[in-house]
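To keep things clear, I will list the structure first and then write my remarks on it.
The values are calculated or read from the model by the stated rules, or taken from the named source; none is laboratory data. Being a predicted model, the structure only gives us computed values, none of them experimental. In this analysis, Cβ positions are derived from the backbone assuming ideal geometry, glycine residues included, and neighbour counts consider all displayed protein chains. Accessible surface is based on the protein model in full, side chains and every heavy atom, while ligands, DNA and RNA are left aside. Shrake-Rupley method; radii C 1.70, N 1.55, O 1.52, S 1.80 Å.
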Amino acid sequence: MLPPIANRFVAGETPAETVEHVRRLNDRDVKALVNLLGEHYDDREPAAADAAAYHTLIDDIADADLEAAVSIKPSQLGLDLGETVFREFLDELVDHAADRDVFVWIDMEDHTTTDVTLEAYEELARAHEGGVGVCVQANLKRTRADVERLADVPGKVRFVKGAYDEPASIAYKDKAEVNREYKDLLAYAFEHFEGGIAVGSHDPEMIDHAIACHDEHGTPFEIQMLMGVREDAQYDLADEYEVWQYVPYGNRWKSYFYRRVMERKENLWFAVRAILGR
């Protein structure tokens with residue numbers, strides 16, 4: 001039994017609970033990005049166990065005919081043990097997901113993982129002619145060049161502002177500057193991408209900007225939001241646009257909350273505002 005604060009943001013501790021949550025979302029025309037909680041392993045065994053759990057989850061999604069994808073953190077698949085371990089587990093998962101017609105998102109972690117994550121995404125997306133997505137963070141100064149590089153890759157790109165407290169030498173620290181960069185990146189993507197744009201934001205201003213860019217260029221896009229945050233808005237938006245909810249599950253919810261708060265203190269207030277419905 002999850003405590004109330006965790007129950008709002010985590011679908012459950014078991015795959016069965018998560019599948020039921022996804023069914024309820026699908027009934028309301030919202031799709032799901034399912035993430036098994038876990039990250040930063042310094043041993044191969046837990047990384048292998050989570051990889052195996054994702055294989056089972058992919059089968060569960062396919063067998064139940066759910067509108068769902070999986071979303072995986074590189075450090076969960078052993079990136080801290082080396083790129084070779086990470087690519088071994090990721091390549092097997094993407095191959096399996098392609099066989100079952102399930103989309104795979106590769107989450108982005110802190111700036112030290114950016115290069116290896118983007119390289120894995122680009123290689124796998126081209127090999128499978130899509131079927132894979134990656135996240136980019138607007139607060140990193142390098143992201144504009146990365147987005148230009150990814151414009152012709154046949155996958156999907158999720159645009160977020162960035163939740164990690166990165167050094168000022170490589171990241172924008174001012175909120176207004178990050179917002180401005182986020183808007184500029186979206187404008188570029190809607191003009192130069194053929195599709196595959198995911199707007200990962202709860203900010204109404206950013207969502208409205210994306211809709212305006214879509215109206216101008218006609219580029220297909222989707223909106224992605226976290227479970228437990230502005231869910232009424234998710235359902236309202238789903239009446240007209242493609243909406244996906246990021247759905248974490250698993251028994252590591254305590255470390256999930258702890259890491260989010262330790263990464264950036266603003267995340268604590270973000271959670272509090274979500275609980276208060278603000």
>> Whether any residue in region 88-108 is over 15 Å from the mean Cα position of the chain (by Cα) and of a type in the set (F, W, Y) is what I want to check.
In response: yes
> Among the residues of region 93-107, is any among the basic types (K, R) and touching a residue at least 40 places away in the same chain (Cβ under 8 Å)?
Replying inline: yes
> Across region 91-134, what is the total count of residues that are closer than 20 Å to K161 by Cβ and among the aromatic types (F, W, Y)?
Replying inline: 2
> Under the condition of being open to solvent by 10 Å² or more (accessible area, probe 1.4 Å), among the hydrophobic types (A, V, I, L, M, F, W, C) and touching a strand residue (DSSP E or B) at 6+ places or on another chain (Cβ under 9 Å), which residue from region 61-88 is farthest from A11 (Cα to Cα)?
Replying inline: L66
>> Return the residues of region 53-96 that are among the β-branched types (V, I, T) and within 21 Å of E129 (Cβ to Cβ); say none if nothing qualifies.
In response: I58, I61, V70, I72, V94
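Conditions tested, residue by residue: (1) out of contact with any Asp or Glu (no Cβ under 8 Å at 6 or more places or on another chain); (2) open to solvent by 40 Å² or more (accessible area, probe 1.4 Å); (3) hydroxyl-bearing (S, T, Y).
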site: E13; (1), (2), (3): yes, yes, no
site: A16; (1), (2), (3): yes, yes, no
site: R28; (1), (2), (3): yes, yes, no
site: H40; (1), (2), (3): no, yes, no
site: E45; (1), (2), (3): yes, yes, no
site: A49; (1), (2), (3): yes, yes, no
site: A52; (1), (2), (3): yes, yes, no
site: I58; (1), (2), (3): yes, no, no
> Is it the case that region 146-158 has a residue that's basic (K, R), in contact (Cβ under 8 Å) with a residue 12 or more places away in the chain and surrounded by 17 or more Cβ atoms within 10 Å (Cβ to Cβ)?
Replying inline: yes
> Is it true that some residue in region 229-239 is of a type in the set (F, W, Y) and without any contact (Cβ under 8 Å) to a residue 60 or more places away in the chain?
Replying inline: no
> If you check every pair at least six apart or on different chains, which have Cβ atoms under 6 Å apart with a residue in region 43-69 that is among the β-branched types (V, I, T) first and a residue that is buried (at least 16 other Cβ atoms within 10 Å of the Cβ) second?
Replying inline: I58/H96; I58/A97; I58/V102; I61/A68; I61/V102
> Pairs under 6 Å by beta carbon, first residue under 17 Å from G162 (Cα atoms) and in contact (Cβ under 8 Å) with a residue 40 or more places away in the chain in region 199-213, partner part of a helix (DSSP H, G or I) and aliphatic (A, V, I, L, M), six or more apart or different chains?
Replying inline: V199/A210
> Taking the condition in contact with an Asp or Glu (Cβ under 7 Å, 6 or more places away or on another chain) and at pLDDT 95 or above, does E222 pass?
Replying inline: yes
